[in-house]
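Enquirer: Next up is a structure, given as C-alpha cells.
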Amino acid sequence: MLQRNNLRTEEGPSFTGIFTSFSLRPEFPARLRRIRPLLPYWESADCFTLATVSETMKPQFGLIQRPWGVFYLKNKVTGEQTTLKTRDRAEAQRLLQAHNDAESQAHLNFALARVYLNGADPKLATRTWQEVMEHIVAKKTDETRRRWEVAIKDKNLDGIRNLPVAETRPEHFDHALADGKVSTNVYLRRIHNHALGMEWLLKSVIPRLLWPRPVFQQKRAITAAERCAIAAREPNPERRDFYELLWHTGASQTDAACLTAEDIDWDQHTLADPADGPCRWRALPLVEKHG
C-alpha cells in the first residue's frame, strides 16, 4: 500500500511543499516503483521549491509603530518604510488594508475609486478637460476672454480635450507638450492649476518642479526691408502711419497708442517717450520726413 511520508523514492527525489511525496514499499513490483514523477521539472534545480498558496497570498505591506507612536507602512519586499501620519491603530489598519488590496486586486482599484469619487463629487470621475477650459473662459471678460477663447482651440490640446480629468496620466500631457510650443505650455499649466485649485484633480499630473520649461525663440527687431514690406501691404493709411511711428521711435505698441498731442514739443522738435518707466520720460528728436 502507499505510505504518505517525506521519504525518497528509489528512482528519484521526493517532493516538498504543500504536497508530501508517496514512496512505494519494496514489495511492490518494479514497474510500480518506477512510476514517473507528477511534476515535469523534478530533475531541475527548483524541484524542491514549490510555491504554496499561502506564500503567493502573503500581503506585500506590513505595519510597524515607532516609539513616538506614529505608524509606518513597511514594504516586505524592498524594506522601504513610509509614514502613515497617524497614531490611530484603526486608521492605520484601514490604510494598510487599502495598500495590500491595491497590490493584490489591481484590476478593481479603478472601479472602487469611481465609487468613492462619485460619493464626493458626482462629476469628479467624468469631468473632462474641455469642461475645465470652458469654466475658465466663463470667468474671463473682455480681451482676456478673447485670448482664452483662442488659446483653448490649440490643436495640441485635442488629445486631452475629451479625456476625463481623473484619468489623466503624465504621458497625456507629455504628448500635448511634445512640439515645444510655448503657448501650449503656458496655457496647459494654467488649465492644470485651475483644476487643482477647484479640487477637480486629486493630485498634480506633472509635479511643479518637473514641468518642462518653455523655450522661447530668439527675438530680434525687423529689418528695413521687412518694414517696407509691411508698410506696402497695409491698405489702411492710419495704421500705416502707426507702423511708421513705431519704426522711427522704437516705442512699444501700447506706449505709441497712448501718445497725445501734448507729448510733442513742436518748438524743440522732440517727442516724449515713456521708455524709462511710466513716470520718467525722455525726449526723442523728430526728424522731418522728406520725399
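The values are calculated or read from the model by the stated rules, or taken from the named source; none is laboratory data. From a predicted model like this one, the values you see are computed outputs, not experimental measurements. For neighbour counting, all protein chains shown are included, and Cβ atoms are generated from backbone atoms with ideal geometry for every residue, glycine included.
Enquirer: Just need a number here: residues in segment 136-169 that are more than 14 Å from Tyr187 (Cβ to Cβ) and surrounded by 14 or more Cβ atoms within 10 Å (Cβ to Cβ).
Expert: Counting residues in segment 136-169 that are more than 14 Å from Tyr187 (Cβ to Cβ) and surrounded by 14 or more Cβ atoms within 10 Å (Cβ to Cβ) gives 6.
Enquirer: In segment 75-100, what residues are part of a strand (DSSP E or B) and under 15 Å from Gln60 (Cα atoms)? I'd like the intermediate steps shown before the answer.
Expert: Let us first name the residues in segment 75-100 that are part of a strand (DSSP E or B), namely 75, 81-83.
Within segment 75-100, Asn75, Gln81, Thr82 meet the criteria.
Enquirer: Here's another thing I want to ask about it. Quick one: is Lys219 at pLDDT below 85, assigned by TED's automatic domain parsing to the domain that holds Val165 and not β-branched (Val, Ile, Thr)?
Expert: No, not satisfied.
Enquirer: Being under 12 Å from the mean Cα position of the chain (by Cα) and hydroxyl-bearing (Ser, Thr, Tyr) is the filter here, so list the residues in segment 191-244 that pass it.
Expert: Ser204
Residue by residue, here is whether (1) aromatic (Phe, Trp, Tyr); (2) closer than 30 Å to Pro122 by Cβ holds:
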| position | (1), (2) |
| --- | --- |
| His194 | no, yes |
| Trp200 | yes, yes |
| Arg208 | no, yes |
| Gln218 | no, no |
| Thr223 | no, no |
| Ile230 | no, no |
| Arg240 | no, no |
| Tyr243 | yes, no |
| Leu246 | no, no |
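Enquirer: May I pose another question? When segment 189-224 is examined, which residues are found to be small (Gly, Ala, Ser), farther than 29 Å from Trp247 by Cβ and out of contact with any Lys or Arg (no Cβ under 9 Å at 6 or more places or on another chain)?
Expert: Gly197, Ser204
Enquirer: For a quick check of your reading of the model, give me the residue pairs whose first member lies in segment 198-214 and is free of Cβ contacts under 8 Å to residues at least 40 places away in the same chain, whose second is part of a loop (DSSP other than H, G, I, E, B) and surrounded by 14 or more Cβ atoms within 10 Å (Cβ to Cβ), with beta-carbon atoms closer than 7 Å and at least 6 apart or on different chains.
Expert: Within 7 Å, the pairs are Val205/Thr168; Pro212/Leu177.
Enquirer: Moving to a separate point now. Name the pairs whose Cβ atoms lie under 7 Å apart, with the first residue in segment 116-140 and closer than 19 Å to Leu202 by Cβ, the second among the charged types (D, E, K, R) and modelled with pLDDT under 75, and 6 or more positions between them or separate chains?
Expert: Ala125/Arg114
Enquirer: Restricting to segment 187-213, give me the number of residues that are part of a helix (DSSP H, G or I), of a type in the set (D, E, K, R) and out of contact with any helix residue (DSSP H, G or I) (no Cβ under 8 Å at 6 or more places or on another chain).
Expert: 2
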